Amino acid sequence: MEHSRYSRGEAIVLREIWDEKIWIARPATVIQDSPELIATYVPPNTHAKRHCGAHGDHVTAQERRDKEWGLQDVVSAHFPVIKLVIPGESYSVLIFRNEGDDSFRCWYINLEDPEAPMHRTAVGFDCTDLLLDMVVEPNLKDWRWDDEDELQEAVESGLISQAKAKSLYAKGEEVRDLLMSGKSVFNGWEHWHPDRSWKAPTLPAGWDIL
């Protein structure tokens with residue numbers, strides 16, 4: 001079923017799905033929804049739903065394999081986040097800003113499942129995050145991997161194959177080079193600021209229905 005494009009300023013939900021179950025659900029505001037780029041904005045201190053295990057926030061590999069996790073109310077971040085996605089691609093580029101002075105903090109490359117790229121739903125967009133991420137500094141020269149320990153745990157437990165993990169590293173390096181060229185569709189968005197008239201988004205009705 002095809003869903004209509006979203007309008008600028010519309011409240012939606014960005015969901016991360018794992019094995020056909022909600023992992024994270026964050027309300028967001030649409031900045032742009034076009035064939036070339038989808039851009040959304042999550043204000044600081046946005047109330048969201050996030051996975052939790054039997055003994056706290058962390059969900060073990062076994063709990064993830066057995067789909068034994070719950071959802072808890074959380075504040076998604078204390079700083080604003082812009083999410084940029086080229087439709088059909090298996091990654092997103094996030095822009096993090098600093099809490100307080102709203103200055104540009106870093107680029108964050110989020111690597112996702114190429115077999116389930118971000119797709120449109122009746123209430124927003126869904127994707128499957130594959131744990132490995134990359135941080136690129138504002139100077140577009142310095143960078144580092146993030147969450148390698150989580151990826152390794154997933155590989156050792158059989159949740160993600162070694163081949164897929166290797167492909168994530170390759171994709172991350174590809175996106176890093178694109179971003180660091182300064183000529184990508186993502187460059188320039190670090191100067192974007194939200195419309196002051198926008199209200200904080202909340203989870204829309206049906207956010208929990210897959």
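What the table shows:
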| read-out | value |
| --- | --- |
| Residue among 136, 6, 82 farthest towards the positive dipole end of the chain, charges placed on Cβ | 6 |
| Dimensionless Rg/Rh of segment 60-187 - Kirkwood Rh, Rg from C-alpha atoms | 0.97 |
| For the chain, calculated [θ]222 nm from helices alone, where every DSSP H run of n ≥ 4 adds -39500 (n - 2.57) | -5000 deg cm²/dmol |
| Choice from 171, 21, 141 with maximal GNM fluctuation in the chain (Cα, 10 Å cutoff) | 141 |
| GluC sites (Glu not before Pro) lying in DSSP loop within segment 97-159, provided at most 15 other Cβ fall within 10 Å | 99, 115 |
| Within a Gaussian network of the chain (alpha carbon springs, distance under 10 Å), most fluctuating of 172, 88, 56 | 56 |
| Global geometry of segment 44-98, whether rounded, prolate or oblate, following the gyration tensor of its Cα atoms and the 1.5 cut on a/c | oblate |
| Distance between segment 82-139 and segment 5-19 - C-alpha centres, whole angstrom | 13 Å |
| Taking 60, 29 and counting other C-beta atoms within 10 Å, the order from fewest to most | 60, 29 |
| Highest-MSF residue in the chain out of 185, 85, 42 [GNM, Cα springs under 10 Å] | 185 |
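Quick note: the coordinates plus some simple rules give every number you see, no bench work behind them. These figures come from a predicted structure and were not determined experimentally. In this analysis, Cβ positions are derived from the backbone assuming ideal geometry, glycine residues included, and neighbour counts consider all displayed protein chains.
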